[in-house]
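Asker: Have a look at this one.
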Amino acid sequence: MASDNLTAVLYKVNDLRLEKRSIPEPEDHEVLLEMGSVGICGSDVHYLVNGAIGDFVVRAPMVMGHEASGTVAKVGKNVKNLKVGDRVAIEPGVPCKTCEYCKHGRYNLCADIIFCATPPCHGNLCQYYTHSADFCYKLPDHVSMEEGALLEPLSVGVHACRRADVKLGSTVLVTGAGPIGLVSMLSAKAMGATKVIITDLAQNRLDLAKDLGADYTVLLNKDSNEKAIVEQVHQLLGKEPDKTIECSGAESSIRIAIQATKSGGVVVVVGMGRPEATVPLVNALVREVDIRGVFRYANCYPLALEMIASGKVDVKKLITHNYTLEETLAAFETAKTGAGGAVKIMIHCKK
Ligand code: NAD
Ligand code: ZN
């Protein structure tokens with residue numbers, strides 16, 4: 001084992017540094033992980049560029065990274081589910097396990113959750129990192145470390161589809177074809193949706209969506225006419241979608257989502273845009289269109305892993321760029337600019 005621990009630390013806005021830290025010791029319920037792959041998420045870039053997301057403000061240096069996989073290097077004395085050498089996906093949020101939400105299984109709503117790279121909690125873009133063993137999921141041999149890291153965004157897609165109650169025969173509209181829109185589309189298909197239509201402002205993202213299995217795509221521009229888009233969605237599908245998964249964060253998309261969805265259907269809002277939005281609420285209420293929030297995920301890693309391991313879902317095509325841990329600053333530069341049609345950027349920590 002190495003004697004030091006190269007770590008990517010965000011000090012403040014646009015001040016990301018690679019520095020050597022010590023290797024932590026696992027507590028009794030934890031494992032020490034030699035980090036494998038860590039994906040860059042929009043939120044990492046947001047903290048880098050803005051130093052905050054809503055009430056979460058970077059006030060002290062914070063280790064980046066939360067879409068991750070690793071190999072068990074040491075086990076705490078109470079750990080029963082893992083052994084040294086196991087390759088695992090790391091679920092980045094560890095809740096309190098005792099509050100009302102945790103007890104009901106909705107641990108994503110736990111107020112005391114410790115979530116990697118959400119200030120003030122450190123992430124795992126480093127060489128060695130300790131994590132609660134019960135939030136690590138052993139990967140079968142044929143599932144790669146990159147796929148293990150992609151279980152994180154895929155879990156958001158799984159949770160969004162569960163919240164929307166996507167099932168066999170569902171017709172689904174997804175607005176926004178970034179990584180989250182794409183994993184929502186993949187999850188919807190895997191859960192039995194028979195038609196999925198997806199929108200975006202960027203043709204390259206729609207091309208990838210098509211490649212991944214979208215039935216229809218709709219290219220928008222910032223001035224697109226709302227009514228015309230809703231009509232186009234209905235026309236392409238030959239009906240109204242019964243579920244809509246909003247993954248762009250754009251107010252105009254939430255508006256389209258509500259108006260396009262079938263009466264009695266569901267709109268789930270995953271995209272986090274401005275804190276307040278003007279939406280056609282009466283249109284939703286007189287047609288009993290349910291509007292539901294989505295926050296991360298709970299109990300979704302096992303299903304997301306099953307989807308990948310069984311071959312039901314192929315997430316590998318989301319990865320457009322690869323970097324080593326030493327190249328972290330360049331990786332974040334690419335993430336910031338979106339250069340080269342970047343969708344998912346993967347950092348490989350193991351030498
Ligand atoms: P992203 O920025 O890569 O993707 C957003 C996509 O939406 C882009 O491809 C963009 O071109 C497209 N878009 C922008 N405006 C649009 C419009 N008006 N109509 C259609 N498409 C439009 O981000 P991402 O990583 O895919 O994440 C998507 C959203 O989900 C973000 O707002 C993010 O903050 C949010 N998110 C929420 C959760 C949650 O728990 N609720 C978890 C992860 C991400
Ligand atoms: Zn709790």
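The values are calculated or read from the model by the stated rules, or taken from the named source; none is laboratory data. Quick caveat: nothing in here was measured; it's all calculated off a predicted structure. Glycine gets a Cβ as well: all are built from the backbone with ideal geometry, and neighbour counts include every protein chain shown.
Asker: With a cut-off of at least 2 residues that are of a type in the set (Ser, Thr, Tyr) and within 16 Å of ligand 2 (Cβ to nearest atom), name the strands (runs of 3 or more DSSP E) lying wholly within segment 1-72.
Answerer: On the way: elements: 5-12, 15-21, 30-40.
It comes to none.
Asker: What number goes with the only condition from (1) within 23 Å of Ala8 (Cα to Cα); (2) part of a strand (DSSP E or B); (3) basic (Lys, Arg) that Arg292 does not pass?
Answerer: Against the list (1) within 23 Å of Ala8 (Cα to Cα); (2) part of a strand (DSSP E or B); (3) basic (Lys, Arg), Arg292 comes up short only on (1).
Asker: Among the candidates Arg296, Arg292, which residue alone is at pLDDT 95 or above and crowded, with 18+ Cβ neighbours inside 10 Å? Quick ask: steps written out before the conclusion?
Answerer: On the way: Arg292 fails: crowded, with 18+ Cβ neighbours inside 10 Å.
Answer to the check: Arg296.
Asker: Would you check which residues across segment 328-349 are more than 18 Å from Ala149 (Cα to Cα), part of a helix (DSSP H, G or I) and not hydrophobic (A, V, I, L, M, F, W, C) and list them? Full working, then the answer.
Answerer: In the first step, residues of segment 328-349 are kept if they are more than 18 Å from Ala149 (Cα to Cα); the result is 329-330, 333-334, 336-341.
Narrowing the set further to residues that are part of a helix (DSSP H, G or I) leaves 329-330, 333-334, 336-337, 339-341.
Matches in segment 328-349: Glu333, Thr334, Lys336, Thr337, Gly340, Gly341.
Asker: Is it the case that some residue within segment 99-107 is under 17 Å from Pro302 (Cβ atoms), among the small types (Gly, Ala, Ser) and within 16 Å of ligand 1 (Cβ to nearest atom)?
Answerer: Scanning segment 99-107 turns up no residue that is under 17 Å from Pro302 (Cβ atoms), among the small types (Gly, Ala, Ser) and within 16 Å of ligand 1 (Cβ to nearest atom).
Asker: So for segment 73-84 (the condition being assigned to a loop (DSSP other than H, G, I, E, B), surrounded by fewer than 23 Cβ atoms within 10 Å (Cβ to Cβ) and within 16 Å of ligand 2 (Cβ to nearest atom)), does at least one residue qualify? Walk me through it before giving the result.
Answerer: Within segment 73-84, the first condition is being assigned to a loop (DSSP other than H, G, I, E, B), and the residues that meet it are 76-84.
Still in the list and also surrounded by fewer than 23 Cβ atoms within 10 Å (Cβ to Cβ): 76-84.
Of the ones still in play, those that are also within 16 Å of ligand 2 (Cβ to nearest atom) are none.
The answer is no; no qualifying residue exists.
Asker: Any idea which of (1) over 25 Å from Ile40 (Cα atoms); (2) modelled with pLDDT of 95 or more; (3) among the charged types (D, E, K, R) is the one Glu246 doesn't satisfy?
Answerer: (1)
Asker: Enumerate the pairs (first residue in segment 105-125 and at pLDDT below 95; second residue anywhere and near ligand 2 (Cβ under 10 Å from one of its atoms) and of a type in the set (Val, Ile, Thr)) with beta-carbon separation below 7 Å, excluding pairs fewer than 6 apart on the same chain, so at least 6 apart or on different chains.
Answerer: Taking only residues 6 or more apart or on different chains, not a single pair turns up.
Asker: Turning to a different aspect of this structure: Is segment 183-196 home to any residue that is touching a helix residue (DSSP H, G or I) at 6+ places or on another chain (Cβ under 8 Å), surrounded by fewer than 23 Cβ atoms within 10 Å (Cβ to Cβ) and within 20 Å of Leu220 (Cα to Cα)?
Answerer: yes
Asker: Next question. Just for segment 108-130: of the residues that are more than 21 Å from Gly76 (Cβ to Cβ) and surrounded by 14 or more Cβ atoms within 10 Å (Cβ to Cβ), which one is nearest to ligand 1 (Cβ to nearest atom)?
Answerer: Asn108
Asker: Given the residues Met35, Met62, which is the only one that is under 26 Å from Lys316 (Cα atoms) and assigned by TED's automatic domain parsing to the domain that holds Asp134? First the steps, then the outcome.
Answerer: Working: Met62 fails: under 26 Å from Lys316 (Cα atoms).
Being under 26 Å from Lys316 (Cα atoms) and assigned by TED's automatic domain parsing to the domain that holds Asp134 holds for just one of Met35, Met62, which is Met35.
Asker: I'm checking my understanding of the structure. Among residues of segment 254-289 that are of a type in the set (Lys, Arg) and either more than 11 Å from ligand 1 (Cβ to nearest atom) or not in a loop (DSSP other than H, G, I, E, B) (or both), which one is nearest to Val196 (Cα to Cα)?
Answerer: Lys262
Asker: Of the residues that make up segment 298-319, is at least one in a loop (DSSP other than H, G, I, E, B), within 16 Å of ligand 2 (Cβ to nearest atom) and in contact with a Gly (Cβ under 9 Å, 6 or more places away or on another chain)? Explain how you work it out, then say what you get.
Answerer: Kept after step one, since they are in a loop (DSSP other than H, G, I, E, B), are these residues of segment 298-319: 298-300, 310-315.
Next cut, within 16 Å of ligand 2 (Cβ to nearest atom) only: 298-299.
If we keep only those that are in contact with a Gly (Cβ under 9 Å, 6 or more places away or on another chain) as well, we get 298-299.
Scanning segment 298-319 turns up at least one residue that is in a loop (DSSP other than H, G, I, E, B), within 16 Å of ligand 2 (Cβ to nearest atom) and in contact with a Gly (Cβ under 9 Å, 6 or more places away or on another chain).
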